[in-house]
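The values are calculated or read from the model by the stated rules, or taken from the named source; none is laboratory data. As the structure is a prediction and not an experimental result, all values here were calculated from the model. All Cβ positions, glycine included, derive from the backbone under ideal geometry; neighbour counts span all protein chains shown. Side chains included, ligands, DNA and RNA excluded: accessible areas come from the protein's heavy atoms. Shrake-Rupley method; radii C 1.70, N 1.55, O 1.52, S 1.80 Å.
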Amino acid sequence: MLISHHLRRPARLGRLTGTALACTALLATGCTVYGGSNGTGTGEFPNRPVEFTVPTEPGGSSDLVTRALARSTEEHLDGTTIVVNKPGANGKVAGNSVFRSEPDGHRVAVMPQSLFSIGPLVVDDPEPIELSDMTFIKGLTIEDYVLVVPAGSPHRDLDDLLGQDRLNYGTAGAGTGGQLAQALLFGFTDVPAADIPFDGGGPTMTAVLGGQVDVAALHPAEVMPQIEAGGLRPIIVFSDERLDALPDTPTAVESGYDVVVDQRRFLAAPAGLPDKLVDRLGAAADKATVDNEYETILENNYIRQWNAESAEVESQLSESRQRYATLSRELGVDLGGQS
Amino acid sequence: MDFLTPVLEGFGVALQPMNLLFCLIGVTLGMFVGVLPGLGPAASIAILLPITYNFDETAAIIMLAGIFYGALYGGTITAVLLRLPGEASSAVTALDGYAMARDGRAGTALGIAAISSFIGGTVAIIALTFIAPVVAGFALDFGPPEFTALALLGILMVATLGSGSAVKSVVAAALGLLLASIGQDPLIGTGRLNFGSDQLFDGIPFVIVAMGLFGVGEILYNMESVRNARAKIPDVGRVYPSRADLRQSRGAMSRGSVVGFVLGVLPGGGAVMSSMVSYAVEKRVSRKPRLFGKGAIQGVAGPETASNAAASSSMIPLLSLGIPANASMAVIFGALLLQGITPGPLLVEDRPDLFWGVVNSMYLGNILLVLMCLPLIGLFVRIVRIPVGVLAPVALIITLVGVYTVRMSVFDMFLMIALGVAGYLMKKTGFEPAPLVLAFILGGILESAFRRSMRTFDGQLTGFLGEPIAATLLAATVGLIVFTILKALRAKRAKHQPTNETTPV
Amino acid sequence: MSAPETRDNKDDDVPVIEVSARYARRQNVVAALVVLLIGGVAAALSARLGVGNLAEPGPGLWPLAVSVVIIAFAAVLLLQSRQQGDEQRFTRESLIVVVAVGSLIGYALLFERIGFEVPTIALLLLWIRGLGRQPWLTSITVSVGSCAVIYVLFISALGVQLPHIVAF
């Protein structure tokens, strides 16, 4: 080919592109693609690494939990596992990617309950992930919420707090359990309260410590170090029973407000996963969740084990969704969504 | 001087030969991974995290801190050589660093960047050791109203950063703000301007915007004139910064240290802004502001000092609040959790050896980085000698693959290609991408901080005047606007001709 | 349109393409109109999202405010469309960019379908040989070499799951 300084015939380049693409397509026909977000494979399970998808950025508690789970599952599955982070849309991006793939057991996701139980109350989504899109494998974790005020706050207990003319409450974002729990609590009592959503737990902590907001509901893992150091004071917890870590803090129910909110995570695969594989993965995950490393991470993060079988996960999800929707409707709490 | 004891013991820990070795390995690994476009410090640490599982806790953390610094510098290397910034702070370095590289001063730029990082890190660590308790409270005073005022000031600076047409700069900055508003509403959670796409629901990641507009746009632009390859290879020139270079950068470095230290203390956005603010300060202070964007050494020295000073002083919120100040710190402290340690405000008291071991190893990481980089710079600058026809495609492929790995999504590849086309068109029509990219970073901070403030103030704009820090910053903003307008009017009166000079590239 | 005047300056490493004042003006007007269109569409979309009030700002308030700024400054640009000096002419060489972008889109389309290896080598060959006019030997070596380096780096060393067809 001649080397010219000016391109006289761009058509030649177009043809070259066409040929290149054609060759590419030709070459690749009949090959198996591994990895990526829609890989396939042949043969007995597991014939390639089992992919655990995390719907968050690396580094958070659910990432750590999934990594520990994937590592210990490996031993009980006679195969390798890998962890893929696919953050986005409160878990929907990860869900869409995993639940639209082949139900061959090679792709599973650790999904949050909030996407199904709180999400619909907050955002109108024309194409939500339905429970029927998933095969539930096993319940994994329960994370609770603690209502905290800064140590310097004049409010000693819940009655103090609810007696205010106006409250600003911090949440870790729209669609989080902390937002729902506080909206319901203040909805019960008709306290004029404005929710100030922050971008995750860390910034919310900063805001409540600095007195930018009067009160916030956060996970124990986020607030316990500050409670121990005397920077924050717990008011109530939103679990059904008192927490081991905070035996002196009453639950919302004890205080007379029927608000029980928690965040749960579960392992799920695309709908239509054969029972044999559900059992196989479930059994491996069962063994993995009693692994020492996994338990240590849970303990250090004040996360409780959620030992639920497939059917129980499904009923929990639909029950909590129903309960939250009914409560917010009855209390007239508007979180922004339609349902 | 009792409080110094744990600090010195921390140095003792960090200086143990094994730990030093881990730090060195970390810096090296971090630098090589950080060079890959799309893999910023946080992602590099996350990817390399499993390596540390079997180490003891201190060694693991020291290595991760090394990776952090190495990856930071790795991003600077690609920003300077290829205009591919991996994260926000190197986006600013890309402006003048790349111009210097095109000018045959790649070595100078990389050398100054390494030295500046070292200076910034050193100043911040000394300040951290002595005045951390004093400034810790400052971080808590910075709530939504203060951030609103700070971001507003920042955007104003950004809009005036460009070296071309002022109107075009403002348009570009406004487009950056619009781009930042794509995706989930930061408060309510509704999807906005995402055209129903789940992929856009969380907005466009910064890496894609920066690499698309800067990197891919630049590559496309270069491809157009690739046939003039003969003239395209810049000389390598001096490999190391000269004495004069250092003298010129001295002021920028000292100002950058202060800016970086102060802003780094503010959790959530402070560190991101530090390099931008430093750049704006340098351009205003400079007697030759026209040189900025065309290879002003202060434009590299200031921001690099500031971003490293901020990286160190962002340890302060961690020290006082137990809150990781940025994504990288979050991953490092995630690693602490894996080791069975719960990071929190009591960490400094309970485990001073660990805390100061980490802080000091960051410092040592900085020293190792300088010692390691200076000899390697000679190697790095050779990259610019590779013909554009070969270098551009290879850089592009690695960028595409790197962007894919951020969220494992082909959609992001398309997004970056589209932004690359936009970057190319902007370049052809005289719009600078820099104000757009920088406004994109500030846009999210400004909107959410403003809206949080308004909810706190119950919709009363006057609420800002009740917050002393916010009110002061707003006054400074107004002052800056008035000053700029007056200056423009005076310039107009002085000259009746158009003053814009022709600026190819 | 007149032929581009290309002045290849020996000292300057970039050929400066001189642009006539009329061409620059026309380009600025088109650019301003495009920006105006973006601002208009964004404003319409934002308004539909709900603007709310200052105490309870709707999701559309901020994008709407930004759109208004965009429209305002696009209008200023439209009025001050005279040559600024940083406009550059689109030439026939610009077609290379069209081909380049087309090939990138093809690359992204094929990436997950058939693995990264074949598209990577094909794209590099096209760019290095076809667009960059490098010798065949260089082109092939660099293409295959880069592909191998990416494989080793991402898949083998870092454990990142790129779609691939070659498995070890």
Practice task
Among B:ASN366, B:VAL401, B:ILE383, pick out the residue whose Cα is farthest towards the positive end of the charge dipole of segment B:348-429, where Lys and Arg carry +1 and Asp and Glu carry -1 on C-beta, about the Cα centre.
Solution key: B:ILE383
Exercise for the section: State to the nearest 20 debye the size of the charge dipole of the protein assembly as shown about its Cα centre, where the only charges are +1 on K and R beta carbons and -1 on D and E beta carbons. Expected result: 6640 debye
Exercise for the section: Convert 10 °C to kelvin, take the viscosity as 1.306 mPa s, use the Kirkwood radius over C-alpha pairs of segment C:85-129 as Rh, and evaluate the Stokes-Einstein diffusion coefficient in µm²/s, rounded to a whole number. Expected result: 133 µm²/s
Problem - Cα centroid separation - segment B:381-415 against segment A:112-166, whole Å - result: 41 Å
Practice task
Provide, as a two-decimal number, the C-alpha radius of gyration of the protein assembly as shown over 2.2 N^0.38 Å, N being how many residues it has.
Solution key: 0.92
Practice task
Partner chain Cβ atoms within 10 Å, averaged over the residues of C:50-60 - can you pull that number for me?
Solution key: 6
Completion exercise
Hits for chain C under the membrane-span-like helix rule (DSSP H, Cα axial span at least 18 Å, Kyte-Doolittle mean at least 0.0) are C:21-49, C:61-79, C:94-114, C:136-150
Problem - With eigenvalues of the C-alpha gyration tensor scaled by 5 and rooted, segment B:99-156, Å - result: 32, 21, 5
Exercise for the section: Calculate the spin-label point distance for C:VAL68 paired with B:LEU371, positioning each point 7 Å from the Cα along the beta-carbon direction, and give it in nanometres. Expected result: 5.9 nm
Problem - Simple label model, 7 Å out from Cα along Cβ direction - C:ALA157 to A:GLN322, nm - result: 5.5 nm
Handout entry: Residue-normalised accessible area of the protein assembly as shown, given per residue in Å² at a 1.4 Å probe
Key = 38 Å²
Exercise for the section: Please identify the helices of chain B, taking whole runs of DSSP H, that span at least 30 Å along their own axis as judged from the Cα atoms and have a mean Kyte-Doolittle score of 0.0 or higher. Expected result: B:57-82, B:106-141, B:352-381, B:433-456, B:468-494
Problem - With all protein chains modelled, accessible area of B:VAL410 [1.4 Å, Å²] - result: 20 Å²
Fill in the blank from the handout: Between the alpha carbon centres of segment B:466-496 and segment A:240-281 the gap in Å comes to 55 Å
Fill in the blank from the handout: Rounded to the nearest 100 Å², the accessible area buried between A and C, both sides, probe 1.4 Å, is 2300 Å²
Handout entry: Dimensionless Rg ratio for segment C:94-157, taking C-alpha atoms and the 2.2 N^0.38 Å reference
Key = 1.15
Practice task
Only helical DSSP H runs with n ≥ 4 go in: add -39500 (n - 2.57) per run for the protein assembly as shown, normalise by residue count and round the 222 nm mean residue ellipticity to 500 deg cm²/dmol.
Solution key: -19000 deg cm²/dmol
Handout entry: Residue among A:ILE118, B:SER448, B:VAL27 farthest towards the positive dipole end of the protein assembly as shown, charges placed on Cβ
Key = B:VAL27
Fill in the blank from the handout: In this structure, the FRET efficiency calculated for B:ARG284 and B:SER242 from their beta-carbon separation, with R0 = 22 Å, to the nearest 0.05, is 0.30
Handout entry: Quarter of Cα convex hull surface for chain B, i.e. mean projection, nm²
Key = 24.1 nm²
Fill in the blank from the handout: Rounded to 0.05, the calculated FRET efficiency for the beta carbons of B:ALA494 and C:ALA44 at R₀ = 35 Å is 0.25
Handout entry: C:ILE140/C:ARG92 FRET efficiency (R0 35 Å; Cβ-Cβ; nearest 0.05)
Key = 0.75
Fill in the blank from the handout: The answer for trypsin sites (Lys or Arg not before Pro) in segment C:48-126 that fall in a DSSP coil and have at most 15 neighbouring Cβ atoms within 10 Å is C:ARG82, C:ARG92
Handout entry: In segment A:232-339, GluC sites (Glu not before Pro) in a DSSP loop with at most 14 other beta-carbon atoms within 10 Å
Key = A:GLU241, A:GLU254, A:GLU309
Exercise for the section: Please name which of B:VAL80, A:VAL148, B:LEU193 has its Cα lying farthest along the dipole of the protein assembly as shown towards the positive end, using unit charges on Cβ (Lys, Arg +1; Asp, Glu -1) and the Cα centre as origin. Expected result: B:VAL80
Exercise for the section: Run the dipole for segment A:146-261 about the Cα centre, Lys and Arg Cβ at +1, Asp and Glu Cβ at -1, nothing else charged, and hand back the magnitude in debye, nearest 20. Expected result: 280 debye
Problem - Stokes-Einstein D (µm²/s) once Rh is taken as the Kirkwood radius of chain C over alpha-carbon pairs, at 37 °C in 0.692 mPa s - result: 158 µm²/s
Completion exercise
tail above 13 Å in the computed P(r) of segment B:38-101, as % of all Cα-Cα pairs, reads 60 percent
Problem - segment A:43-169 - charge dipole about Cα centre, Lys and Arg +1 at Cβ, Asp and Glu -1, debye rounded to 20 - result: 260 debye
Practice task
Above 25 angstrom, tally the Cα pairs of segment A:146-261 and express them as a % of all pairs, no decimals.
Solution key: 9 percent
Problem - segment C:74-143 versus segment B:51-110: alpha-carbon centroid distance in Å - result: 27 Å
